[in-house]
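Peer 1: I have a structure here, written as structure tokens, and I will follow up with some questions on it.
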Amino acid sequence: METQPEIVIIILNWKGLGDTIECVESLQRIEYANYEIIVVDNGSPNDEAEVLDRKFGKRVSIVRNDKNYGFAEGNNIGIRIAIARRPDYIMLLNNDTIVDNHFLNELVSVAQGDPKIGIVGPKIFFYPPKGGGSDTIYFAGGKLIRSLGQVLHVGLHKIDVPEFSDIKEVDFITGCCMLVKVEVIEKIGMLNPNYFAYFEDLDWNIRARKAGFKIVFVPEAKIWHKASATTGYLSPTHTYLMTRNRILFARMNLDPTSFAFLFLPYLLCVRIPRDVLRVAGKGGARSVFAGFEDGFSGKLRFVGGT
């Protein structure tokens, strides 16, 4: 019998104890056998790491960070530990997800079928009851309008139909759930911690593509996601980081001409005004302007405890 590739699944926890428990319990029911779980607690209060350790014991490795390092560096801490165990793949999985019993078999089968494939990801649905039910799509592959720094989730808010059922190459796989060959990480390095959270997964995908790896969407692998459970959609922190990191991404990935004549006009005339209007009623307009300023300065205002 052929040995299954070894996988280490990294789950980042920050003030999400209930979600993390539900996520780990769903993983413990999957059919795939050769995997282990590392939960990285990102400095959560109320002894959440201790609660997780008591609940799961030796079945799950718990890493205790001394503070909130953000999505990027928090996961990097887990990745470094995982790589030392010499697995074939590393998976990043949001703690606010539950997984189908077959999802890992499907992802590994596709990834193993082509040595040029570096990253694979599943079809992601909104977690019930959000989004109208478990057949409402959150992610069926990612498209990038690079000159605008604009990402699109294929199928977002649509009911699942055969149109979204083909294995295909995509521009990116969301960091909500991505299975990455270790050789990719050895070649391109870790997530960029300068992002803190948001756009670091897109940046990672772009670097993998530049290194010659394929990025592939696997529709038969299925999970469910409680979208924006950590920072809260359109919260001040979410708004600030999305604005800031969109600019950081464009600065690092666009040539000067595209940045000046495509990205900046879109940012100033479309994106910033739209975002200000969307969050004005929530008192978040200042978060947009702070993100705009820090996107160019590279500064990161304190968000680790928010």
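Peer 1: Just to be sure I understand the filter: pairs with C-beta atoms under 9 Å, separated by 6 or more residues or on different chains, first member in segment 256-276 and among the β-branched types (V, I, T), second member not in a helix (DSSP H, G or I). Which pairs pass?
Peer 2: So the pair list comes out as V276/G284.
Peer 1: Please indicate, with yes or no, whether at least one residue in segment 159-166 is of a type in the set (G, A, S), crowded, with 20+ Cβ neighbours inside 10 Å and either closer than 23 Å to L248 by Cβ or at pLDDT 95 or above (or both).
Peer 2: no
Peer 1: Checking P122 against (1) out of contact with any Cys (no Cβ under 7 Å at 6 or more places or on another chain); (2) under 19 Å from L27 (Cβ atoms), which single condition isn't satisfied?
Peer 2: (1)
Peer 1: Determine whether E200 is among the charged types (D, E, K, R), in contact (Cβ under 8 Å) with a residue 60 or more places away in the chain and crowded, with 21+ Cβ neighbours inside 10 Å.
Peer 2: It is true that E200 is among the charged types (D, E, K, R), in contact (Cβ under 8 Å) with a residue 60 or more places away in the chain and crowded, with 21+ Cβ neighbours inside 10 Å.
Peer 1: Specify which of the listed residues (Y195, Y266) is out of contact with any Cys (no Cβ under 6 Å at 6 or more places or on another chain), of a type in the set (S, T, Y), modelled with pLDDT of 90 or more and buried (at least 20 other Cβ atoms within 10 Å of the Cβ). Before you say what the answer is, go through the steps one by one.
Peer 2: Details: Y266 fails: buried (at least 20 other Cβ atoms within 10 Å of the Cβ).
Selected residue: Y195, the only one of Y195, Y266 that is out of contact with any Cys (no Cβ under 6 Å at 6 or more places or on another chain), of a type in the set (S, T, Y), modelled with pLDDT of 90 or more and buried (at least 20 other Cβ atoms within 10 Å of the Cβ).
Peer 1: Out of (1) over 21 Å from F217 (Cβ atoms); (2) assigned by TED's automatic domain parsing to the domain that holds N205; (3) not polar (S, T, N, Q), what's the single condition that is false for V108?
Peer 2: (1)
Peer 1: Would you please name the residue that is farthest from the chain's Cα centre (by Cα), looking only at residues in segment 187-225 that are outside any strand (DSSP E or B) and aliphatic (A, V, I, L, M)?
Peer 2: A211
Peer 1: Could you look through segment 137-152, keep only residues that are more than 15 Å from T97 (Cβ to Cβ) and not aliphatic (A, V, I, L, M), and pick out the one that is farthest from the chain's Cα centre (by Cα)?
Peer 2: Within segment 137-152, the first condition is being more than 15 Å from T97 (Cβ to Cβ), and the residues that meet it are 140-152.
With not aliphatic (A, V, I, L, M) added as a condition, the list becomes 141-143, 146-147, 149-150.
Numbers: G141: 13, G142: 12, K143: 15, R146: 18, S147: 21, G149: 17, Q150: 16 Å.
This residue is S147.
Peer 1: Then there's this: Quick one: count up the residues across segment 46-65 that are closer than 21 Å to A84 by Cβ, at pLDDT 95 or above and among the charged types (D, E, K, R).
Peer 2: Residues meeting the conditions: 2.
Peer 1: I need the full set of residues from segment 155-176 which are under 21 Å from the mean Cα position of the chain (by Cα) and in contact (Cβ under 8 Å) with a residue 40 or more places away in the chain, in order please.
Peer 2: Within segment 155-176, F164, I167, K168, E169, V170, D171, F172, I173, T174, G175, C176 qualify.
Peer 1: Taking the options F217, F249, name whichever one is closer than 30 Å to Q112 by Cβ, in contact (Cβ under 8 Å) with a residue 40 or more places away in the chain and among the aromatic types (F, W, Y).
Peer 2: After ruling out the rest, the residue left standing is F217.
The values are calculated or read from the model by the stated rules, or taken from the named source; none is laboratory data. All values reported here derive from a predicted model rather than from experimental measurement. Positions of Cβ are generated from backbone atoms using ideal geometry, with glycine treated the same way; all protein chains shown enter the neighbour counts.
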